[in-house]
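These notes are about the structure you will find just below.
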Amino acid sequence: MIDMLLTLVSTALISNFVLQMPLAVDPVLASPTAPRRQVHALGIATTLLMVLSGVIGYLLDHYVLQPLALTSLRLFVFLPVTILLIQPLLSVLSRQLPKLSFDGLWPLILGNAGVLAVLLMGTQDNRGLAHMTALSLGAGLGFWLVLSLFSDLRQRIADNDIPLPFRGLPVELISAGLMAVAFLGFNAMIKP
C-alpha cells in the first residue's frame, strides 16, 4: 500500500510528465485563453483517460501480448485503444458533469503524448495492476496540477507589462522552466 502511495505522489510531483519529462506539454501550451472550467474539464478527462487506458492496456499486455510473445507490438495495440476511449469518455463526462465544457477537447486529448507514455512506461516494469493504476492516476493528477498552475500563471502575466520579445510563448516557456526547477524541490521528499 505504501508503495502505491509513493508511486502516486512520485508520478504527480517528482516525475511529472509535463515538467520533468515534457511528454504532455502540448495541451498545456496549446490553449492560451482557455476558461477556467475548460482547464478543469481537460484535466478531468485526461486523468480518467490515463487511468482507463492504463488499466485496459495493462490487462491487454498481461493477458494477450505477453503470453503470445508480442510485446514488441505494444505501441500498435495501445494507440488504438487510447484513441477509441476518447470519444465515449468525453460523452459520458459531458452527461455526468454538465457544468463543465468538454466541447473541443478531443484534439487536445488526442495529441497528448503523456497518455501513451503512461501505458508504455507502466507495462515495461510489469509490477502489477495496482502499480499501473497508481502510475496512471498520479500522472493524470500531475498533468491536471500543471495545467491549473499554467492557467493561473497566464492570468497573472496577462496584466503585467512584459517586453515585446518575451510576450506569448517565450514567457510561458521561461515560466515552465522555472516551474520545473521548483518541482525539483520535491525530489527530497522521497529517499530511496
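The numbers here are math on the coordinates, done by the rules we state, and not lab data. Since this is a predicted model, take the numbers as computed values, not measurements. Here Cβ is always computed from backbone atoms with ideal geometry, including for glycine, and neighbour counts include all displayed protein chains.
With point charges of +1 on the Cβ of Lys and Arg and -1 on the Cβ of Asp and Glu, referenced to the Cα centre of the chain, which listed residue (PHE183, PHE143, LEU48) lies farthest in the positive direction of the dipole?
LEU48
Run the numbers for SER148 and SER101: contour at 0.36 nm per residue of separation, minus the present Cα-Cα distance, in nm.
Details: separation 47, 0.36 × 47 = 16.92 nm, distance 1.56 nm.
Additional length available on full extension: 15.4 nm.
From the residues VAL18, LEU108, PRO88, which one has its Cα farthest along the dipole of the chain in the positive direction, the dipole being from +1 and -1 charges on Cβ of Lys/Arg and Asp/Glu about the Cα centre?
PRO88
Just GLN38, GLN20, GLN96 to compare: in a GNM of the chain, with alpha carbon springs under 10 Å, which one fluctuates most?
Maximum fluctuation in the GNM of the chain, among the listed residues, is at GLN96.
Could you tell me the calculated FRET efficiency between MET1 and HIS62, based on Cβ-Cβ distance and R0 = 22 angstrom, to the nearest 0.05?
Numbers: r = 21 Å, r/R0 = 0.96.
Using R0 = 22 Å, I get an efficiency of 0.55.
Just how far, in whole angstrom, is the stretch 85-112 from the stretch 114-192 if you go by their alpha carbon centroids?
So the separation of the two Cα centres works out to 21 Å.
List PHE76, PHE150, PHE186 from most exposed to least, where exposure is judged by having the fewest other Cβ atoms within 10 Å. Write down the numbers at each step before the final one.
Details: PHE76 9, PHE150 23, PHE186 16.
Ascending Cβ contact count within 10 Å gives the list PHE76, PHE186, PHE150.
Any idea what the relative contact order of the stretch 2-188 is, in percent, if you count C-alpha pairs under 8 Å spaced at least 6 apart? Walk me through the numbers before you get to the answer.
Details: 199 pairs, mean separation 80.5, N = 187.
Relative contact order of the stretch 2-188: 43 percent.
So what is the calculated 222 nm ellipticity per residue for the chain, using -39500 (n - 2.57) for each DSSP H run with n of 4 or more, over all residues, to the nearest 500 deg cm²/dmol? Before the final figure, lay out each step's value.
Details: 8 runs with 125 residues, N = 192.
That comes out to -21500 deg cm²/dmol.
Once you charge only the Cβ atoms, +1 for Lys and Arg and -1 for Asp and Glu, what is the size of the charge dipole of the chain about its Cα centre, to the nearest 20 debye? Can you show the working numbers first?
Values: 10 positive and 9 negative charges, 48 e Å.
In debye, rounded to 20, the chain gives about 240.
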